[in-house]
Amino acid sequence: MTNIDQDILKAAELIKKANKIVALTGAGISVESGIPDFRGPSGLWKKYNPEIASISFFLKNPEEFWKFSLEVWKTLKRAKPNPAHKALVELEKMGKLHCIITQNIDGLHQKAGSKKVLEIHGSANWLICTSCRARHPSETVIKQLKSGMTIPICDLCGGLLRPEAVLFGDMLPQDVFSEAVSEASSCDLMLIVGSSLVVFPAAQLPSVAKKNGAKIVLINLEKTWFDEKADVVIHGKAGSILPKIVKNVKKTH
Ligand code: APR
C-alpha cells in the first residue's frame, strides 16, 4: 500500500467518525473541469497580472477588464463538474457533508447537484449595475458584446455593469461570509480541496475550524502553509483522490 493509499484510508476513517463536515473548496477543484486556477502550475496569474481582477483596474480600464472577463466567462460556461465535485455530492447525500464553502464563482458544485453551497466570492452568473445596483443575468453581457458594445451597460439606467463576483479590493458579501465563519467554527471536520490558502479572509477559515477542535483533511496538488496543521494531507489531483476517499467511506458506512 502506498503512502497516498494509507492517507486515503485515514481520511475516510476521519470522515466516518465526524458528525458535521464542512468542505472548503478553491480553484484547484475545478482545474480538471478545464478551468485554470490562479496560482497552480498553469495558473491564470502566470499569464495575467492579478491587478486585472481588481476593482481599481475595472474602474480605470473597463474595456480591457471586460475583454479579460469575457474570456474567463466563456471558459466557465463550457465547464462541467468533474469527479471531485460529484464526490462531494455523494458525501452530502450520505448525510456526511453539511455544506460547501467555496471561493469559486463557477457554479460547478451546484451544477453537480450539491444543495448547500456558500459562495463567499460571489457567482459568475450575475452582473450588477454600479449606478442603480440592479442585478442582471450574465447572458446580458454576451448579448451586448455581440451587438458591438465593448462595455456592458445597464438597460435600466445606462450605468456601467460589473460582475457580482468579488474583485480584489472589494468587501466579501458579509452575510454569506458570516455564515461561512459560523459553519467553520461549528464543524468537527473541515475538508479542504484545491486551494493555495493564500487569499484572506477565506484562508482564515481552516484556522477558525482548527481552533474549535475540528479535524482537518487537506487535498491539494501542491504544498500549502496549512499542511503542517492538518491531520491528513494528500498531495494529488482532487478528481482522483476524492472519489477514492468517498468509496472507502461508503464501504463501511
Ligand atoms: N486537484 C487538487 N488541487 C489542485 C489541482 C487539482 N487537480 N490543480 C491545482 N490544484 C491546486 C494548486 O496546486 C493550488 O495550490 O489548487 C490550488 C489553487 O490555488 P489558487 O489558484 O490560489 O486558487 P484559490 O485558492 O481558490 O484562490 C483564491 O484567489 O485570485 C483569487 O478570487 C480568486 O477565489 C480566488 C482566490
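From the protein chains alone at 1.4 Å, what is the descending order of accessible area for Glu90, Glu183, Glu228, Glu71, largest first?
Of Glu90, Glu183, Glu228, Glu71, the descending order of accessible area is Glu228, Glu71, Glu90, Glu183.
In degrees between 0 and 90, to the nearest 10, how far off the longest principal axis of the chain does helix 238-251 point, with axes built from Cα atoms?
With both axes taken from Cα atoms, the answer is about 40 degrees.
Show which lysines lie in cross-link reach of Lys211 when reach means a straight Cα distance below 26 angstrom and same-chain residues fewer than eight apart are skipped.
Once the sequence-local lysines are set aside, what remains near Lys211 is Lys10, Lys16, Lys17, Lys20, Lys96, Lys116, Lys223, Lys229.
Would you please state the base-10 log of I(q)/I(0) at q = 0.19 1/Å for the range 181-232, with intensities from the Debye formula using one equal scatterer on every alpha carbon?
One equal scatterer on each Cα of the range 181-232 leads to -0.54.
Which angle from 0 to 90°, rounded to the nearest 10, does the C-alpha axis of helix 62-78 make with the longest principal axis of the chain?
Compared with the principal axis, the helix lies near 40 degrees.
From the convex hull of the Cα coordinates of the range 96-200, what is the mean projected area in square nanometres?
8.3 nm²
Could you sort Lys20, Lys211, Lys10 by their accessible area in this structure, using a 1.4 Å probe and putting the largest first?
Descending accessible area places them as Lys211, Lys10, Lys20.
Want the number for Met171 to Leu145: 0.36 nm per residue separation, take away the alpha-carbon distance, what's left?
Result: 6.6 nm gained on full extension.
For the range 218-224, take each phi angle, set θ = phi - 60°, evaluate the Karplus expression 6.51 cos²θ - 1.76 cosθ + 1.60, and give the result in whole Hz per residue in order, putting x for glycine and proline.
10, 10, 7, 4, 10, 5, 10
Ignoring ligands, DNA and RNA, please state the percent of accessible area on the chain from carbon and sulfur, probe 1.4 Å.
Using a 1.4 Å probe with all protein chains present, the chain comes out at 55 percent carbon and sulfur.
Over 19 Å, how big is the tail of the calculated P(r) for the range 134-189, in percent of all Cα pairs?
50 percent
Tell me, what HN-Hα J-couplings in whole Hz come from the Karplus equation 6.51 cos²θ - 1.76 cosθ + 1.60 at θ = phi - 60° for each residue of the range 162-173, using x for Gly and Pro?
10, x, 6, 4, 5, 9, 4, x, 8, 7, 6, x
Could you give P(r) for the range 167-253, binned at 5 Å from zero, as whole percent values over all Cα-Cα pairs?
3, 13, 21, 22, 19, 14, 5, 1, 1, 0
Once every DSSP H run of n ≥ 4 in the chain is given -39500 (n - 2.57) and the sum is divided by its residues, what mean residue ellipticity at 222 nm do you get, rounded to the nearest 500 deg cm²/dmol?
Estimated from H runs of four or more residues: -11500 deg cm²/dmol.
In nm, what is the difference between 0.36 nm times the number of residues separating Asp227 and Ser131 and their Cα-Cα distance?
So the extension gain works out to 30.2 nm.
Using 7 Å Cα-to-Cβ label points, what is the Lys211/Lys93 separation (nm, one decimal)?
Going by the 7 Å Cα→Cβ label model, 3.7 nm.
Computed FRET efficiency, Cβ-Cβ of Lys67 and Ser240, R0 35 Å: what is it to the nearest 0.05?
0.50
For Glu51 and Ile153, FRET efficiency with R0 = 22 Å and r from the beta-carbon atoms, rounded to 0.05?
After rounding to 0.05, the efficiency reads 0.40.
May I ask for the Kirkwood hydrodynamic radius of the range 19-81, worked out over all distinct Cα pairs and given in angstroms to one decimal?
13.2 Å is the Kirkwood radius here.
Can you give the Kirkwood hydrodynamic radius of the range 159-205 from its Cα pairs, in Å with one decimal?
Averaging 1/r across every pair of different Cα atoms and inverting gives 12.6 Å.
Which of the three applies to the range 69-114, rounded, prolate or oblate, going by the alpha-carbon gyration tensor with a ≥ b ≥ c and a/c under 1.5 meaning rounded?
prolate
Could you tell me, in Å, what Rg and Dmax come out for the Cα atoms of the range 19-126?
Spelled out, the Cα radius of gyration and Dmax of the range 19-126 are 15.0, 49 Å.
Compute the helix-to-body angle for 174-186: its Cα long axis versus the longest principal axis of the chain, expressed 0 to 90° and rounded to tens.
With rounding to tens, the tilt is 0 degrees.
Can you tell me the Rg and the Dmax, both Å, for the Cα atoms in the chain?
That works out to 18.8, 63 Å for Rg and Dmax.
On a C-alpha basis, how far is the centre of the range 102-120 from the centre of the range 16-37 in Å? Whole number, if you could?
Each part reduced to its Cα centre gives a spacing of 10 Å.
The values are calculated or read from the model by the stated rules, or taken from the named source; none is laboratory data. A quick note: this is a predicted structure, and the numbers were derived from the prediction, not measured. Cβ atoms come from the backbone with ideal geometry, glycine included; neighbour counts cover every protein chain shown. Please note that ligands, DNA and RNA were not included when accessible areas were found on the heavy atoms of the full protein model with its side chains. Shrake-Rupley method; radii C 1.70, N 1.55, O 1.52, S 1.80 Å.
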